[in-house]
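Take a look at the structure below.
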Amino acid sequence: MFTGLVEQLGKVLSAEDRRGQRKIQVKTGFSDIKLGESVAVNGVCLTVSEFTPKGELSFFVSEESLDRSNLGALAEGSRVNLERAMLPTSRMGGHWVQGHVDTKGMVLSLTEGHDHWKITVALDPKYGRYCVEKGSITLNGVSLTINSLIETKLNEFMVTFLIVPHTWKHTNLSELKSGDTVNVEVDILAKYIEKLCRPQIPSTPLSAPSSN
């Protein structure tokens, strides 16, 4: 479990495809990592498979994670947002983030304001029901507040965010440009509420019982 508060930016040292999986090595500033520990890389929960005293961590990315995220596009030199799993004593500064990316969104525009940057992202409409104005969502592992929602008659769905200077400076959101993809994880609480509130339809027998 994570909070969506990025701890640091890492740098990809290598990315190697292996039979439907991908092995990536990332240079980090972490000095107390353990084998098997969970780290969110651009919002994707990955397991540390190798590490060095210099903070170089290796991860294997599954085919499922490659399909749903932008980790397949990483190359040597790419910068990634990193967050270690939260502790029970940690402050919940962001929101509940699992590190299970739902889908990829596409950056439509970035504009600079007086004290913020505005990002507009196109999202698969089927995830729109989990988004509410001023609600939480995760982009590339960063916990963000939804500023506004835009739905069109063409069944297009867009979400806008206002990024404050600290987040802009300390995450890779500042490197985005129009056309880039971002990892999106919607609020898990919204999914649970939807399932719990969904009408329960009793199952119907395949055939009526015999009257004999």
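We did not get these values from a lab; they are worked out from the coordinates using the rules stated. If you're wondering where the values come from, they're calculated on a predicted model, not measured in any experiment. For neighbour counting, all protein chains shown are included, and Cβ atoms are generated from backbone atoms with ideal geometry for every residue, glycine included.
Label Val164 and Leu149 with points 7 Å out from Cα along Cα→Cβ: what is the distance between them in nm?
The modelled label-to-label distance comes out at 2.4 nm.
Taking R0 as 25 Å, what FRET efficiency do you get between Glu63 and Asp124 from their Cβ-Cβ distance, rounded to the nearest 0.05?
0.80
Looking at Leu144, Val164, Leu110, which one has the Cα that reaches farthest to the positive end of the dipole of the range 103-197 (charges on Cβ: Lys, Arg +1; Asp, Glu -1)?
Going by the charge dipole, the pick is Leu144.
When only C-alpha pairs under 8 Å and at least 6 residues apart count, what is the relative contact order of the chain, in percent? It would help to have the intermediate numbers written out before the result.
On the way: 471 pairs, mean separation 48.3, N = 212.
Computed value for the chain: 23 percent relative contact order.
Rg and Dmax in Å for the range 103-197, alpha carbons only: what are they?
Answer for the range 103-197, Rg first and Dmax second: 13.2, 42 Å.
Which value in deg cm²/dmol, rounded to the nearest 500, describes the helix-derived mean residue ellipticity at 222 nm for the chain, given -39,500 (n - 2.57) per DSSP H run of n ≥ 4 and division by the residue count?
Roughly -2500 deg cm²/dmol at 222 nm, from the helical runs in the chain.
Given +1 on the Cβ of Lys and Arg, -1 on the Cβ of Asp and Glu, and no further charges, what dipole in debye does the range 1-96 carry about its Cα centre, rounded to the nearest 20?
Dipole of the range 1-96, to the nearest 20 debye: 140 debye.
For Arg19 paired with Arg91, estimate the spin-label separation in nm (one decimal), with each label point 7 Å from Cα along the Cα-to-Cβ line.
4.6
Give, as a single signed number, the net charge of other residues whose beta carbon lies under 10 Å from the beta carbon of Ser69, with Lys and Arg counted +1 and Asp and Glu -1. If you can, show how the numbers build up before the last one.
Working: positive: Arg68, Lys104; negative: Glu64, Asp67, Asp102, Glu185.
The answer is -2.
Treating the angle as unsigned and between 0 and 90°, give the value, to the nearest 10°, between the Cα long axis of helix 188-197 and the longest Cα principal axis of the chain.
0
Using the Kirkwood formula over every pair of different C-alpha atoms, what hydrodynamic radius in Å results for the range 8-84?
12.1
Take the Cα pairs of the chain, get the Kirkwood Rh, then feed it into Stokes-Einstein at 25 °C and 0.890 mPa s and tell me D in µm²/s.
132
Express in nm, to one decimal, how much length is gained between Cys197 and Ser109 on full extension, taking 0.36 nm for each residue of separation and deducting their alpha carbon distance.
Taking 0.36 nm per residue and subtracting the Cα distance, the gain is 28.1 nm.
Loop only by DSSP, 16 or fewer other Cβ within 10 Å of the Cβ. Give me the GluC sites (Glu not before Pro) in the range 55-101 that pass, ordered by residue number.
Here the GluC sites (Glu not before Pro) that fit, given the DSSP loop and packing criteria, are Glu76.
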